[in-house]
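The values are calculated or read from the model by the stated rules, or taken from the named source; none is laboratory data. If you're wondering where the values come from, they're calculated on a predicted model, not measured in any experiment. With ideal geometry, Cβ positions are generated from the backbone for all residues, glycine too; neighbour counts draw on all protein chains shown. These area figures cover heavy atoms from the full protein model, side chains too; ligands, DNA and RNA do not enter into them. Shrake-Rupley method; radii C 1.70, N 1.55, O 1.52, S 1.80 Å.
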Amino acid sequence: MAGSRRPRVRVLRPRRAQVLTARTYEQLVDRGHPVRAVWAAVEALDMSDFERAIRARPHHAGRSAVDPKLLLALWVYGQMEGLSSAHAIAARLRTDVAYWWLCGGVGVSAHTLSSFMTRSGPAFRALLGKLLDDLCSRGAVRRPRRLAQDGTRVRASAGAASFHRKATLQKRATEAAAAGQCRRGASPQARAARKRARADLQARAALALAALPAAARRKKRAKGGARGEPRASLTDPQAHVMRMPDGGYRPAYNAQAVSDVESRLALAGRVTNEGADTAQLLPMVHCVAHVLGLKPEAWLVDGAYRNLKAFSALESQGIRVFSPLPARKNLLPPGEQRRRRRGEPIEAWRARMQTLAGKRTYAQRAPTAELLNAQVKERQGLRRLHVRGRKRAEAAWLLALVAHNLLLAIAQGWLGEPEGSFFLTP
C-alpha cells in the first residue's frame, strides 16, 4: 500500500561480548575424527631415539621440552592435509580444532616444529625400521623380499637468481666481512642479530665458493660441453640445478626411496645433490642392509639406474636385479658382445629380463615406487623443500616417508581399525 509503514522484523544479532560455553579439549573433535587415529598410531611408537636429545630431566631446573610424539603427530596430521612447512602447520594451530585437540593446551611454535624435523634425521631413519619390525611382529605385513627403488627431484629452497659466479661470491664475502656495526643506540638484541647475519652470509659464501669446482666438473660432463663459468647458490650452496619432470631446469635435490613391493611401505630414504641415478643404487642397498638388516631376493629399478658394475655386485650377492634392457639400437652386435662379455652376473640379468616372468616382476615397480613419490609430493604436499642444506633436506624427506608409512598403516588397518576414508590407498 502506498504510504504504509515498513513492518518491523525480529532477528538474531551476534553478541560477541558474551562468554563461551566451557568445553574440554576432548569434546572438540568427534570420536571418528582422523586426528584420533593419527595420535593413536604415533602414541604406540618407540620414540626413545628422539628422547635422547632432550636435556630436561626430573628434579632439574629448566623448562620442560615438548613431547616428541606430539611434534611427530602434528607433522603427520599436517602432511595428511597436504601441509609440508612448519609455518603452515603453526598457522593451523590458531584456527583448527583438530590441532587444538592434538596439542591439548601445549604451546608449539613454528621454530619448535622446524627444529624437531631438521635435527631428527637419524631418528627418522631408525623409526622406519622400528615401524617395519612392529608391523611384522603384529603379523600385518611380511618381511620384504622384493624391493623397488626410485628417485624424484624435489625443488630446493634456493631460487635461480641465487646462483652467482666466483667474482660475485667473492664480492659478497668481502662485503659481509667489512660490514659495519649497528647504528648508535641499537639494542643488544639488534647487535647480536646483525652479527649472526654477517657470520651466516660469510659461511654461505665460503660454502658456495667451495662448491664451484664440483659445478665446473658437472658442466664438463654435460652434453654439448661446458658453456660459461660455473655458478653456485648463495642461498643453498649444496643445491644443484637439475632437470625437472616438466623439462625445465631448477635448483633441486635428488630424493631416493626404497619401498616394499608387497606392502608398499617405505623402508629407506636418502637425499643427494647428484642429478643422475646411476650412482644411487649401491648406497641404497648398503643402507637397507646396515640399517634394516635386510637382504632382499629382488631389486627393481628403472632404466635410469643401469650400471653394469652395480648390477654385477648385486647379482654376486644373490640379489636378482630387475631392470629393463637397453633399446635394441644400443645393443652391441653378437660378435662384439662375445668380445666384451661382462661376466655371468650380467648375462643372468639379461637372460632374466627376456623372459615373461622377469617382465611381470619388473611391472610391479611402477605401482610401488611411483605411487610412493606421488603420495609424498601430491598428497602430502612435499613439492618443494622449506629447509636448506642436504642434511636438512634429507631429514624432511625421511619425515615424509615416516608419515607415508603411518598413514598407510592407518588406512589399511594394520594398527587397529581401518580408516581408509582420509587416505588414498592403491
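Data for the structure
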quantity: Strands (runs of 3 or more DSSP E) contained entirely in the range 233-305, each with at least 2 residues that are within 26 Å of K219 (Cβ to Cβ); calculated: 240-243, 249-260, 266-272
quantity: Within the range 268-299, tally of residues that are open to solvent by less than 10 Å² (accessible area, probe 1.4 Å), farther than 24 Å from P237 by Cβ and either in contact with a helix residue (DSSP H, G or I) (Cβ under 6 Å, 6 or more places away or on another chain) or not aliphatic (A, V, I, L, M) (or both); calculated: 4
quantity: Count - residues of the range 143-167 that are farther than 24 Å from A374 by Cβ and in contact (Cβ under 8 Å) with a residue 60 or more places away in the chain; calculated: 9
quantity: Filter result for A65 (assigned to a loop (DSSP other than H, G, I, E, B), within 21 Å of G129 (Cα to Cα) and within 29 Å of the chain's Cα centre (by Cα)); calculated: no
quantity: Any hit, the range 231-238, residues being acidic (D, E), at pLDDT 90 or above and more than 18 Å from A369 (Cα to Cα); calculated: yes
quantity: Selection status of V258, within 22 Å of G389 (Cβ to Cβ) and either open to solvent by 60 Å² or more (accessible area, probe 1.4 Å) or of a type outside the set (D, E) (or both); calculated: no
quantity: Answer from R55, R92, R119 - the residue that is closer than 26 Å to Q375 by Cβ and touching a Gly at 6+ places or on another chain (Cβ under 9 Å); calculated: R92
quantity: Entirely in the range 90-204, the helices (runs of 4 or more DSSP H) that have 1 or more residues that are of a type in the set (D, E, K, R), open to solvent by 50 Å² or more (accessible area, probe 1.4 Å) and over 30 Å from A403 (Cα atoms); calculated: 166-177
quantity: Matching residues in the range 363-385 - criterion: being in contact (Cβ under 8 Å) with a residue 12 or more places away in the chain and either more than 24 Å from L325 (Cα to Cα) or in contact with a helix residue (DSSP H, G or I) (Cβ under 7 Å, 6 or more places away or on another chain) (or both); calculated: L372, Q375, V376, K377, R379, Q380, G381, L382, R383, R384, L385
quantity: Single unsatisfied condition, A232 versus (1) over 27 Å from G413 (Cα atoms); (2) open to solvent by 10 Å² or more (accessible area, probe 1.4 Å); calculated: (2)
quantity: Long-range neighbours under 9 Å by Cβ, at least six apart or interchain, first residue open to solvent by less than 40 Å² (accessible area, probe 1.4 Å) within the range 23-48, second outside any helix (DSSP H, G or I) and of a type in the set (A, V, I, L, M); calculated: V35/V29; R36/V29; A37/L415; A41/L415
quantity: Selected residue (only one of V35, V9 is in contact with a helix residue (DSSP H, G or I) (Cβ under 8 Å, 6 or more places away or on another chain) and aliphatic (A, V, I, L, M)); calculated: V35
quantity: The range 125-136 residues that are in contact (Cβ under 8 Å) with a residue 40 or more places away in the chain, paired with ones that are of a type in the set (F, W, Y) and surrounded by 19 or more Cβ atoms within 10 Å (Cβ to Cβ) (beta carbon under 6 Å, 6 or more apart); calculated: L135/W414
quantity: Answer residue from the range 306-325, given it is assigned to a helix (DSSP H, G or I) and in contact with a Leu (Cβ under 7 Å, 6 or more places away or on another chain) and is surrounded by the fewest Cβ atoms within 10 Å (Cβ to Cβ) among those; calculated: A313
